[in-house]
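The values are calculated or read from the model by the stated rules, or taken from the named source; none is laboratory data. Predicted, not measured: the structure shown is a model, and the values here were computed from it. Neighbour counts are summed over all protein chains in view; Cβ atoms, including those assigned to glycine, are modelled from backbone coordinates with ideal geometry.
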Amino acid sequence: MSLDEALPKGFIDRVGDRGLIVEGWAPQAKILTHSSVGGFVSHCGWSSILEAITYGVPVICMARKLDHPITSKLVVELGIGVEVRRDGEEFTRGEIAKAIKKVVVEEEGREIGRKVDTLRDEVRRKRDVEINAAVQRIVQLAQA
């Protein structure tokens, strides 16, 4: 399916220079670091969620299968994202729009942003402590 078939008529023209539409694989980590990213629509694969936390980006969860629904529940319980409600097995435009609006526009989204920022900072702090401890241990072993 081409972009023209997948997107609403005129969407690419309406977006213009305000956004970027990428066909195929996109540099996800690079995108998540951009200051204008207000939320990350994700299938909730574990690596994607770790990247969202690493860069402090709230998650809009659209999990379908495997471990993704479990990861989605964790994201919601941690308060760092919202889950798109399904209509049976499918996601609807309306529910996707509601979830994005909740994260990007509403007060709840600002609270989610604060929580993911706090988690990001805590993960960085712990990572730095653990890396320093590992380096010290390696130096001790090398000097023995």
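Taken over the range 67-97, residues that are charged (D, E, K, R) and either surrounded by 15 or more Cβ atoms within 10 Å (Cβ to Cβ) or within 25 Å of Thr54 (Cβ to Cβ) (or both) amount to 5. Against the definition (crowded, with 19+ Cβ neighbours inside 10 Å, out of contact with any strand residue (DSSP E or B) (no Cβ under 7 Å at 6 or more places or on another chain) and on the phi < 0 side of the Ramachandran plot), how does Ala63 come out, yes or no? Against the criterion (crowded, with 19+ Cβ neighbours inside 10 Å, out of contact with any strand residue (DSSP E or B) (no Cβ under 7 Å at 6 or more places or on another chain) and on the phi < 0 side of the Ramachandran plot), Ala63 qualifies.
Go through the residues of the range 35-48 one by one and say whether even a single one is among the small types (Gly, Ala, Ser), within 25 Å of Leu20 (Cα to Cα) and over 12 Å from the mean Cα position of the chain (by Cα). Yes - at least one qualifying residue is present in the range 35-48. Inside the range 15-34, can you point out the residues that are over 11 Å from the mean Cα position of the chain (by Cα), closer than 30 Å to Leu74 by Cβ and part of a helix (DSSP H, G or I)? Once the filter is applied, which keeps residues that are over 11 Å from the mean Cα position of the chain (by Cα), closer than 30 Å to Leu74 by Cβ and part of a helix (DSSP H, G or I), the range 15-34 yields only Lys30. Can you find a residue that is closer than 18 Å to Glu122 by Cβ, of a type outside the set (Gly, Ala, Ser) and either crowded, with 21+ Cβ neighbours inside 10 Å or in contact with a His (Cβ under 6 Å, 6 or more places away or on another chain) (or both) anywhere in the range 38-49? The answer is yes, given that some residue of the range 38-49 is closer than 18 Å to Glu122 by Cβ, of a type outside the set (Gly, Ala, Ser) and either crowded, with 21+ Cβ neighbours inside 10 Å or in contact with a His (Cβ under 6 Å, 6 or more places away or on another chain) (or both). All told, Ile131 falls short of being under 19 Å from Leu50 (Cβ atoms), assigned to a helix (DSSP H, G or I) and in contact with a Pro (Cβ under 7 Å, 6 or more places away or on another chain).
No other residue among Ile12, Ile53 is surrounded by 11 or more Cβ atoms within 10 Å (Cβ to Cβ), over 15 Å from the mean Cα position of the chain (by Cα) and either β-branched (Val, Ile, Thr) or modelled with pLDDT of 90 or more (or both) apart from Ile12.
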